[in-house]
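*Asks:* One structure follows; several queries about it will come next.
The values are calculated or read from the model by the stated rules, or taken from the named source; none is laboratory data. Small disclaimer: the values here were computed from a predicted structure and weren't measured. With ideal geometry, Cβ positions are generated from the backbone for all residues, glycine too; neighbour counts draw on all protein chains shown. With ligands, DNA and RNA removed, areas are computed over all heavy atoms of the protein, side chains included. Shrake-Rupley method; radii C 1.70, N 1.55, O 1.52, S 1.80 Å.
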Amino acid sequence: RHTPVDPQPIRRQIRAILRPSRYDYDYGYASGAVEQVSEVLSQAQRFAEGGDGRNALALLEAITDEYTKSWYEIDDSDGELGGFFEELAKAWAEALLVADLAPAERREWSKKLGAWQREADDYGVDDWFSLAQTAAEQGWDEPALRRVLTGEMAELDTETEEPADYADELVPIRLRVLERQGRFQEYLYLAKAEEQIKEYSIMLARVGRAQEAIDEGLRYLTTANEALALAMALREQGELEKTVRISEHGLSLAEPRAPLAAWLTELAEGLGQHDLALRAAEVSFRSAPSLAAYLKVHDLAGEGWLVLQAALLDHLRTNAAQAYWFHGSAAVDVFLHEGLIDDAIAVVTKSASYGLLERVMDAAITSRPDWVIQAATTQAERIMDAGDAKHYDHAVEWLKRARDAYRAAGRQQDWQGYLHGLRDTHGRKYKLMGLIKEL
């Protein structure tokens, strides 16, 4: 865009968000306000992403000026409005690096950012605008940076060159700008100098230097997710052999391995590499158990399924016990699929959401009625004893499961005796008694 944008509509939007006509800033208003301001901010970010830094700066000035005038008037108990300064400052840094500014212009922006930061300091906000000020002060002309970008210096000499404040936080922003501008060699120099190995290796792949990319990846990548990112870049370039090699290497790197392993499973299947597909599927299940991952191993295992099945179920029992909140639901899914009711009961007995407990109860009514009776009545009695009338319908749902379990066990008389005891204990709770009549 060659014409300047009008920032006044942006100013009006920010005012409307932070100073609505009805002055009712109740608790929780801050979250919605931040979301709306962030949507306005995205308009400025789109200009920067399109290479129009000057119009991005004009909109950012309007947003920041209005925001700093009013944000502190809203209840910010959770710190969301104050936390927005980080997002705002990063948008400033990117726009300043995109815009083709003279040193004098950058100094003027740095002064304005400093003034806004001083206003924010009064309310205990972190000095995020220092990040944007560093971008304004350095631009692309800072001497050490220029030597890196021209390949004269392979890395920052920390003994003679002191990094500026927030220099590390600026690196990913600089890399994004360089990539969009097609400055790929400068991108590579900077990524390597700053030890951004994933970004460096991926860019090597994208510019056709696949062998160098995989050499870097095999030597320096530390997580499976990093290996996945490089593998995807290599696949985009048609380097299938190298894609498989880095993916297979990634199976041994740090968690989480499941995304890479699942991706490699499909790739290896498509390439006819059955053994690798099976190994990757097993890694995927062990990393992030699920019924779908379990069934994938089953589909690939063939005659070796029974041995693998025993190992996977043992893994599931151990991990469900040690990390219920991560694997409990998956364990129940698999155990119920295999008809292993006792294993499913063991999972939910330790701790479970109501929904998971209900699923196991429903599956166990005929085979483990006594457990269902004990578990269901415990849940129902907790609600009834508390006397919370609005939850009595939940108590009755638990009692229905107890009733069905009594019947499955052939203990109808015991069920009637239990109901009689409830009427004796809770007879004055008329809403509850009305609901119990339905049983």
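*Asks:* If you go through the range 373-392, how many residues are open to solvent by less than 60 Å² (accessible area, probe 1.4 Å), within 14 Å of K429 (Cβ to Cβ) and in a helix (DSSP H, G or I)?
*Replies:* So the count comes out to 5.
*Asks:* Another question, then. Out of all the residues in the range 399-439, which are over 24 Å from R359 (Cβ atoms), open to solvent by less than 40 Å² (accessible area, probe 1.4 Å) and in a loop (DSSP other than H, G, I, E, B)?
*Replies:* Selection gives G427 alone.
*Asks:* Got a number for residues in the range 229-263 being touching a Gly at 6+ places or on another chain (Cβ under 8 Å) and either within 22 Å of A191 (Cβ to Cβ) or modelled with pLDDT under 95 (or both)?
*Replies:* The total comes to 6.
*Asks:* Looking at G355, G328, G339, G302, which is the one that is at positive phi and in a helix (DSSP H, G or I)?
*Replies:* G302
*Asks:* Which residues, taken from the range 229-239, are more than 24 Å from A293 (Cβ to Cβ), of a type outside the set (D, E, K, R) and open to solvent by 70 Å² or more (accessible area, probe 1.4 Å)?
*Replies:* Passing the criteria: only Q237.
*Asks:* Go through (1) surrounded by 15 or more Cβ atoms within 10 Å (Cβ to Cβ); (2) closer than 26 Å to D168 by Cβ; (3) modelled with pLDDT under 90 one by one and return the number of the condition L88 breaks.
*Replies:* Result: L88 passes all but (3).
*Asks:* Something else about it: Just to be sure, is V396 free of Cβ contacts under 8 Å to residues at least 60 places away in the same chain and either within 30 Å of N319 (Cα to Cα) or not in a helix (DSSP H, G or I) (or both)? Spell out the reasoning first.
*Replies:* Details: free of Cβ contacts under 8 Å to residues at least 60 places away in the same chain: yes; either within 30 Å of N319 (Cα to Cα) or not in a helix (DSSP H, G or I) (or both): no.
Against the criterion (free of Cβ contacts under 8 Å to residues at least 60 places away in the same chain and either within 30 Å of N319 (Cα to Cα) or not in a helix (DSSP H, G or I) (or both)), V396 does not qualify.
*Asks:* Can you name every residue in the range 152-185 that is at pLDDT 90 or above and either open to solvent by 80 Å² or more (accessible area, probe 1.4 Å) or farther than 22 Å from L88 by Cα (or both)?
*Replies:* Correct list: R176, R180, Q181, G182, R183, F184, Q185.
*Asks:* Between a first residue in the range 32-58 that is free of Cβ contacts under 8 Å to residues at least 60 places away in the same chain and in a helix (DSSP H, G or I) and a second residue that is surrounded by fewer than 22 Cβ atoms within 10 Å (Cβ to Cβ) and among the basic types (K, R), which pairs have beta carbons less than 8 Å apart while being 6 or more apart in sequence or on different chains?
*Replies:* Pairs found: F47/R1; N55/R1.
*Asks:* May I pose another question? For the range 250-275, which positions are assigned to a helix (DSSP H, G or I) and either among the polar types (S, T, N, Q) or crowded, with 18+ Cβ neighbours inside 10 Å (or both)?
*Replies:* Within the range 250-275, G250, A258, L260, A261, A262, W263, L264, T265, L267, A268, E269 meet the criteria.
*Asks:* Check whether at least one residue in the range 364-372 is assigned to a helix (DSSP H, G or I), farther than 22 Å from I341 by Cβ and either of a type in the set (F, W, Y) or open to solvent by 30 Å² or more (accessible area, probe 1.4 Å) (or both), and report yes or no.
*Replies:* no
*Asks:* Can you run down the residue pairs with Cβ atoms below 8 Å, 6 or more apart or on separate chains, where the first is in the range 199-212 and farther than 10 Å from L234 by Cβ and the partner is assigned to a loop (DSSP other than H, G, I, E, B)?
*Replies:* Filtered contacts from the range 199-212: G208/Q237.
*Asks:* Oh, and also: The conditions are (1) at pLDDT below 95; (2) surrounded by 14 or more Cβ atoms within 10 Å (Cβ to Cβ); (3) over 13 Å from L291 (Cβ atoms), and I341 fails exactly one of them. Which is it?
*Replies:* Here I341 meets the rest and fails (1).
*Asks:* State all residues of the range 174-193 that are free of Cβ contacts under 8 Å to residues at least 40 places away in the same chain and more than 25 Å from the chain's Cα centre (by Cα); if no residue qualifies, say none.
*Replies:* Matches in the range 174-193: L178, G182, R183, F184, Q185, E186, Y187, L188, K192.
*Asks:* Additional query: Out of curiosity, is A104 open to solvent by less than 20 Å² (accessible area, probe 1.4 Å) and either of a type in the set (A, V, I, L, M, F, W, C) or without any contact (Cβ under 8 Å) to a residue 40 or more places away in the chain (or both)?
*Replies:* Considered against the rule, which asks whether it is open to solvent by less than 20 Å² (accessible area, probe 1.4 Å) and either of a type in the set (A, V, I, L, M, F, W, C) or without any contact (Cβ under 8 Å) to a residue 40 or more places away in the chain (or both), A104 comes out as no.
*Asks:* I'd like the residue in the range 1-29 that is modelled with pLDDT under 80 and of a type in the set (G, A, S) and, out of all such residues, is least open to solvent (accessible area, probe 1.4 Å). Give the derivation first.
*Replies:* In the first step, residues of the range 1-29 are kept if they are modelled with pLDDT under 80; the result is 1-2, 19-29.
Of the ones still in play, those that are also of a type in the set (G, A, S) are 21, 28.
Values: S21: 124, G28: 48 Å².
Out of the qualifying residues, it is G28.
*Asks:* Same structure again: Quick one: count up the residues across the range 105-129 that are touching an Asp or Glu at 6+ places or on another chain (Cβ under 9 Å) and either assigned to a helix (DSSP H, G or I) or of a type outside the set (A, V, I, L, M, F, W, C) (or both).
*Replies:* 12
*Asks:* Would you confirm whether or not the range 66-74 contains a residue that is farther than 17 Å from A115 by Cα, open to solvent by less than 50 Å² (accessible area, probe 1.4 Å) and at pLDDT below 90?
*Replies:* yes
*Asks:* Right, something else. Just give me the residues in the range 203-228 being open to solvent by less than 20 Å² (accessible area, probe 1.4 Å) and either at pLDDT below 95 or part of a helix (DSSP H, G or I) (or both), in sequence order.
*Replies:* M203, L204, A205, A210, A213, I214, G217, A224, A227 - these are the residues of the range 203-228 that are open to solvent by less than 20 Å² (accessible area, probe 1.4 Å) and either at pLDDT below 95 or part of a helix (DSSP H, G or I) (or both).
*Asks:* While we're looking at this one, here's another question. List the residue pairs whose Cβ atoms are under 7 Å apart, where the first residue sits in the range 405-426 and is of a type in the set (S, T, Y), the second is open to solvent by 40 Å² or more (accessible area, probe 1.4 Å), and the two are 6 or more positions apart or on different chains.
*Replies:* If the second residue must be open to solvent by 40 Å² or more (accessible area, probe 1.4 Å), the pairs left are Y406/Q412; Y406/D414.
*Asks:* What do you reckon, is R317 charged (D, E, K, R), more than 30 Å from T425 (Cβ to Cβ), surrounded by fewer than 21 Cβ atoms within 10 Å (Cβ to Cβ) and more than 25 Å from the chain's Cα centre (by Cα)?
*Replies:* yes
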